[in-house]
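The values are calculated or read from the model by the stated rules, or taken from the named source; none is laboratory data. None of these values were measured; they are calculated from a predicted model. For neighbour counting, all protein chains shown are included, and Cβ atoms are generated from backbone atoms with ideal geometry for every residue, glycine included.
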Amino acid sequence: MLRIPTVAVAGCVVLGLSAPAAMATGDADLIAAVRPETAKSGETVILTLRNCEDPIGGGLAEGALIGGETTARSPIGITPLELDATGEYPPGTLVGIATITEDAKRGTTERIYFACYSNQKKVVEATVTVAP
């Protein structure tokens, strides 16, 4: 199970009350969100994915490959999503913590891709704006 430090959970609660989330929907009503919706390189974001067929199995979020014969990704690396154990999110929500990469292009809005392990062919996107 994902164990989010108390400080991170407190930050999520504050963000949830003060800032809108970058959200997107896709097939089968999957709902992905990134909080905060704007972050600088090196900052942490909370990723959530709702409505997986089998949330107990978890999921995955990742940015796009950078290229140049590397497996590096931007604006985040490969991030596992696990069932929320804090009770802060609706039942069945998958949660992960990612750091915006140094390679993320400042001043742009970047896509993050989400999938449930129970059906990896259904992918949903959410965006994050990389602050200048």
Single unsatisfied condition, residue 110 versus (1) assigned to a loop (DSSP other than H, G, I, E, B); (2) touching a Gly at 6+ places or on another chain (Cβ under 8 Å); (3) of a type outside the set (Phe, Trp, Tyr); (4) at pLDDT 95 or above: (1)
Residue 69 vs. criteria touching a residue at least 40 places away in the same chain (Cβ under 8 Å) and surrounded by fewer than 22 Cβ atoms within 10 Å (Cβ to Cβ): no
Residues in region 37-92 that are of a type in the set (Ser, Thr, Tyr) and under 13 Å from the mean Cα position of the chain (by Cα): how many? 5
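Return yes when residue 89 is of a type in the set (Ser, Thr, Tyr), part of a loop (DSSP other than H, G, I, E, B), under 15 Å from residue 33 (Cα atoms) and in contact (Cβ under 8 Å) with a residue 24 or more places away in the chain and no when it is not.
Working: of a type in the set (Ser, Thr, Tyr): yes; part of a loop (DSSP other than H, G, I, E, B): yes; under 15 Å from residue 33 (Cα atoms): yes; in contact (Cβ under 8 Å) with a residue 24 or more places away in the chain: yes.
Here the answer is yes, as residue 89 does meet what is asked.
Go over the candidates 115, 85, 104 one by one and state the one that is within 16 Å of residue 48 (Cβ to Cβ) and buried (at least 19 other Cβ atoms within 10 Å of the Cβ). Can you show your working first?
Values: 85 fails: buried (at least 19 other Cβ atoms within 10 Å of the Cβ); 104 fails: within 16 Å of residue 48 (Cβ to Cβ).
None of the others qualify; the one that does is 115.
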